[in-house]
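See structure below.
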Amino acid sequence: MGNSKSGALSKEILEDLKLNTKYTEEELCKWYESFQNQCPDGRITRAEFEKIYGNFFPNSDPKVYARHVFRSFDSNSDGTLDFREYIIALHLTSTGKTNLKLEWAFSLFDVDRNGEISKNEVLEIVTAIFKMIPPEEQKTLPEDENTPQKRADKLWAHFNKGENDKLAEREFIDGVMKDDAIMRLIQYEPKKK
């Protein structure tokens, strides 16, 4: 049986990732080789993850958001991501099925991991997302969502929640699924050049 230190991707992990992501065996093997070169011990730290994430957003500050993304995928809370956690993170944040992506988004917004989202947690994540939007793009945002507070208020109002109410996972997923404008508020898609 292979493991993260043997140099080869185990058949179990390979089959699991082929089944649960869009990646082919060839792609996964290439990703694994690259991962092993960058992380010879088979694990990536939060700081390394933040650095890699930063490469995708050179004109903004994704560090805080990357920290939350890392937390949401560090499923065993050991402060590192193994290859499987890393690939699942890439898959869900780029192309995952909408329901799975929204389950992940809920875990991202559930900062304290108590199974509910508060308005403060929404503001914390929206603020992190906002830092990834380059200043020139921020200037073009609609008036009712051109600051983190306005975006958080708009999102919270969509769910008809009071200041101290909480939002459950199913409620979050169903609410976002019903409205593309809300989906846009919970993420940042860089403008194509």
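The values are calculated or read from the model by the stated rules, or taken from the named source; none is laboratory data. None of the values given here were measured: they were computed from a predicted structure. Heads up, the Cβs are rebuilt from the backbone with ideal geometry, glycines too, and the neighbour counts pull from every protein chain shown. Surface accessibility is based on the protein's heavy atoms, side chains included, excluding ligands, DNA and RNA. Shrake-Rupley method; radii C 1.70, N 1.55, O 1.52, S 1.80 Å.
Over 16 Å apart: what share of the alpha carbon pairs of region 110-154 falls there, rounded to a whole percent?
Values: 385 of 990 pairs.
Counting every Cα pair in region 110-154, those more than 16 Å apart make up 39 percent.
Counting every alpha-carbon pair across region 119-193, the share separated by more than 17 Å comes to 43%. With 0.36 nm allotted per residue and the present C-alpha distance subtracted, the ARG71-THR24 stretch has 14.3 nm of extension available. Over the chain, accessible surface divided per residue gives 55 Å², non-protein components excluded, 1.4 Å probe.
When only Cα pairs under 8 Å and 6 or more residues apart are kept, what is the percent relative contact order across region 1-115?
Numbers: 94 pairs, mean separation 27.1, N = 115.
In percent, rounded to a whole number, it is 24.
Relative contact order (percent) for region 77-193, with alpha-carbon contacts under 8 angstrom and 6 or more residues of separation? Numbers along the way, then the final one.
Values: 84 pairs, mean separation 32.6, N = 117.
Result for region 77-193 is 28 percent.
Between ASP61 and ASP180, the modelled labels are 3.3 nm apart [label points 7 Å from Cα along Cα→Cβ].
Considering only protein heavy atoms and a probe of 1.4 Å, how much of the accessible area of the chain is carbon and sulfur, as a whole percent? Let's see the in-between values first.
Numbers: 5540 of 10690 Å².
Answer for the chain: carbon and sulfur cover 52 percent of the accessible area.
How much length is gained on full extension from THR45 to THR127, taking 0.36 nm per residue of separation minus their Cα-Cα distance?
On the way: separation 82, 0.36 × 82 = 29.52 nm, distance 2.32 nm.
Fully extending the segment from THR45 to THR127 adds 27.2 nm.
Considering only Cα atoms, the convex hull volume of region 77-133 works out to 111 Å³ per residue. Sorting the segments 139-147, 57-65, 122-130 by their mean number of nearby beta carbons within 10 angstrom, highest to lowest, gives 122-130, 57-65, 139-147. A simple spin-label model places the labels of ASP165 and GLU33 5.3 nm from each other, with each point 7 Å out along Cα-to-Cβ. Report the Cα centroid-to-centroid distance between region 117-193 and region 52-115 in angstrom, as an integer. What the calculation gives is 17 Å, centre to centre. When the Cα atoms of the chain are aligned to their principal axes, the ranges along those axes come out at 53, 35, 27 Å in descending order. Note on region 75-193: lysine pairs with Cα distance below 16 Å, sequence gap of 8 or more or different chains, count 14.
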